[in-house]
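Undergrad: What follows is a single structure, and I will ask about it in a moment.
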Amino acid sequence: MILPVKCLFADAKCILTANGVCVSLRAFYRGYEMVIDFFVLGEYQTNCYVLRSGEAARESLVVDPGLGAEELIAFLAEREIAPVAVVLTHGHIDHIAGIGALRESYPDTKVLIHELDARMLLEPDANLSALMGRPFAAEPADVVLKDGDWIEQAGVRLQVLHTPGHSPGGLCLYSSEEGIVFTDDALFAESIGRTDLAGGSMAQLLGCIKEKLWPLADSTVVYPGHGPSTTIAREKACNPFLQ
Ligand SMILES: [Zn+2]
Ligand SMILES: [Zn+2]
């Protein structure tokens, strides 16, 4: 199911297009000034985030360049922002498909993915693109991640929280300083990721959310892999899968 995208929290400045899609989000938390630009890419409406240490920063960390990444690449070119690294929250095609086009324009971009999903970059069957009839394979990852690792790229610092259940190498990206967490296809606003694909497990997914995400501060802003943003407090209170 595809939900219309809207911002659920009031303290961000959200720029809406004519059709109401939030394409650019400027979030300012606790005196820090991380800039998050936000795109909804491709037929699966995957959220792709471009993170920078400030408005003037010309380097970025890209999260999940999915299908239909032309809009993302045009944005980077127009603003002269280099994507120094790409983090893939997991290895399914709707989160990785843009890295081919991105690397054509920016060959030095590093690709980071959890060690358990790294092979999905190379195997169209594993990343589900073969199933869609559009086989896609990429170069191997530059960096493989594991639980607890710190990512420091483009002046942005995020901690890896391994949250399997939707995919074996699914990961969330957390910054306590910024009060934000990117929750992959693990936790959505009032929903969770599907667990019927290869390597999925409902029990594992629910366990990871309770163990890794619920201890985060209630005010932490949640940026999921699909659909609108939310907060940890809101999901604890309203998410029907976790009551
Ligand atoms: Zn997926
Ligand atoms: Zn997805």
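Undergrad: Please find, among Asp125, Asp108, the residue that is under 22 Å from Gly170 (Cβ atoms), acidic (Asp, Glu) and either touching a Cys at 6+ places or on another chain (Cβ under 8 Å) or part of a loop (DSSP other than H, G, I, E, B) (or both).
TA: Details: Asp108 fails: under 22 Å from Gly170 (Cβ atoms).
Being under 22 Å from Gly170 (Cβ atoms), acidic (Asp, Glu) and either touching a Cys at 6+ places or on another chain (Cβ under 8 Å) or part of a loop (DSSP other than H, G, I, E, B) (or both) holds for just one of Asp125, Asp108, which is Asp125.
Undergrad: Here are the criteria: (1) crowded, with 16+ Cβ neighbours inside 10 Å; (2) outside any loop (DSSP other than H, G, I, E, B); (3) more than 16 Å from ligand 1 (Cβ to nearest atom); (4) more than 17 Å from the chain's Cα centre (by Cα). Tell me which single one Val160 does not satisfy.
TA: (4)
Undergrad: Same structure, new question: Any chance you could count how many residues in the range 208-236 are more than 14 Å from the chain's Cα centre (by Cα), free of Cβ contacts under 8 Å to residues at least 60 places away in the same chain and not in a helix (DSSP H, G or I)?
TA: 7
Residue by residue, here is whether (1) touching a Gly at 6+ places or on another chain (Cβ under 6 Å); (2) closer than 25 Å to Leu41 by Cβ; (3) buried (at least 22 other Cβ atoms within 10 Å of the Cβ); (4) not acidic (Asp, Glu) holds:
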position	(1), (2), (3), (4)
Gly199	no, yes, no, yes
Ala203	no, no, no, yes
Leu206	no, no, no, yes
Glu211	no, no, no, no
Leu216	no, no, no, yes
Pro228	no, yes, no, yes
Lys236	no, no, no, yes
Pro240	no, no, no, yes
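Undergrad: Ok, one more. Answer yes if at least one residue in the range 116-138 is within 16 Å of ligand 2 (Cβ to nearest atom), crowded, with 24+ Cβ neighbours inside 10 Å, touching a residue at least 40 places away in the same chain (Cβ under 8 Å) and on the phi > 0 side of the Ramachandran plot, and no otherwise.
TA: At the first step, the residues of the range 116-138 found to be within 16 Å of ligand 2 (Cβ to nearest atom) are 117, 120-121, 126-129, 131-132, 134, 136.
The next check asks that each one be crowded, with 24+ Cβ neighbours inside 10 Å; those that pass are 117, 120, 127.
Adding the requirement that they be touching a residue at least 40 places away in the same chain (Cβ under 8 Å) leaves 117, 120.
Remaining after also requiring on the phi > 0 side of the Ramachandran plot: none.
The answer is no; no qualifying residue exists.
Undergrad: Another question, then. Go through (1) in a strand (DSSP E or B); (2) in contact with a Cys (Cβ under 9 Å, 6 or more places away or on another chain); (3) at pLDDT 95 or above one by one and return the number of the condition Tyr49 breaks.
TA: Among (1) in a strand (DSSP E or B); (2) in contact with a Cys (Cβ under 9 Å, 6 or more places away or on another chain); (3) at pLDDT 95 or above, Tyr49 violates only (2).
Undergrad: Is it the case that Leu197 is within 16 Å of ligand 1 (Cβ to nearest atom) and assigned to a helix (DSSP H, G or I)?
TA: Values: within 16 Å of ligand 1 (Cβ to nearest atom): yes; assigned to a helix (DSSP H, G or I): no.
Against the criterion (within 16 Å of ligand 1 (Cβ to nearest atom) and assigned to a helix (DSSP H, G or I)), Leu197 does not qualify.
Undergrad: Return the only residue of Glu43, Glu55, Glu70 being modelled with pLDDT under 95 and within 16 Å of ligand 2 (Cβ to nearest atom).
TA: Numbers: Glu55 fails: within 16 Å of ligand 2 (Cβ to nearest atom); Glu70 fails: within 16 Å of ligand 2 (Cβ to nearest atom).
None of the other options fit; the residue is Glu43.
Undergrad: Further question on the same structure: Residues in the range 199-214: is at least one among the acidic types (Asp, Glu), at pLDDT 95 or above and in contact with a helix residue (DSSP H, G or I) (Cβ under 8 Å, 6 or more places away or on another chain)? Steps first, answer last, please.
TA: Within the range 199-214, the subset among the acidic types (Asp, Glu) is 211.
Checking which are at pLDDT 95 or above leaves us with 211.
If we keep only those that are in contact with a helix residue (DSSP H, G or I) (Cβ under 8 Å, 6 or more places away or on another chain) too, we end up with none.
No: zero hits.
Undergrad: Let me ask something else about it. Count, please, the residues in the range 38-80 that happen to be touching a residue at least 60 places away in the same chain (Cβ under 8 Å) and among the basic types (Lys, Arg).
TA: Total meeting the criteria: 1.
Undergrad: What are the residues in the range 70-99 that are surrounded by fewer than 24 Cβ atoms within 10 Å (Cβ to Cβ), under 17 Å from the mean Cα position of the chain (by Cα) and of a type in the set (Gly, Ala, Ser), if any?
TA: Residue satisfying the conditions is Ala85 alone.
Undergrad: Select from the range 172-194 the residues that are small (Gly, Ala, Ser) and either part of a strand (DSSP E or B) or within 16 Å of ligand 2 (Cβ to nearest atom) (or both) and list them in ascending order. Lay out the reasoning, then the answer.
TA: The first filter runs over the range 172-194 and keeps only residues small (Gly, Ala, Ser), leaving 175-176, 179, 186, 189, 191, 193.
Hits for the range 172-194 are Ser175, Ala186, Ala189, Ser191, Gly193.
This table checks each residue for (1) under 18 Å from His90 (Cβ atoms); (2) in contact with a helix residue (DSSP H, G or I) (Cβ under 8 Å, 6 or more places away or on another chain).
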| site | (1), (2) |
| --- | --- |
| Ala154 | no, no |
| Val160 | yes, no |
| Ser167 | yes, yes |
| Ile192 | yes, yes |
| Thr231 | no, no |
| Glu235 | no, yes |
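Undergrad: While we're looking at this one, here's another question. For Ile113, are the conditions met, namely being at pLDDT 95 or above, buried (at least 20 other Cβ atoms within 10 Å of the Cβ), closer than 24 Å to Met202 by Cα and of a type in the set (A, V, I, L, M)? Explain how you work it out, then say what you get.
TA: Details: at pLDDT 95 or above: yes; buried (at least 20 other Cβ atoms within 10 Å of the Cβ): yes; closer than 24 Å to Met202 by Cα: yes; of a type in the set (A, V, I, L, M): yes.
Yes, satisfied.
The values are calculated or read from the model by the stated rules, or taken from the named source; none is laboratory data. As the structure is a prediction and not an experimental result, all values here were calculated from the model. Cβ coordinates were reconstructed from backbone atoms using ideal geometry, including for glycine residues, and neighbour counts include every protein chain displayed.
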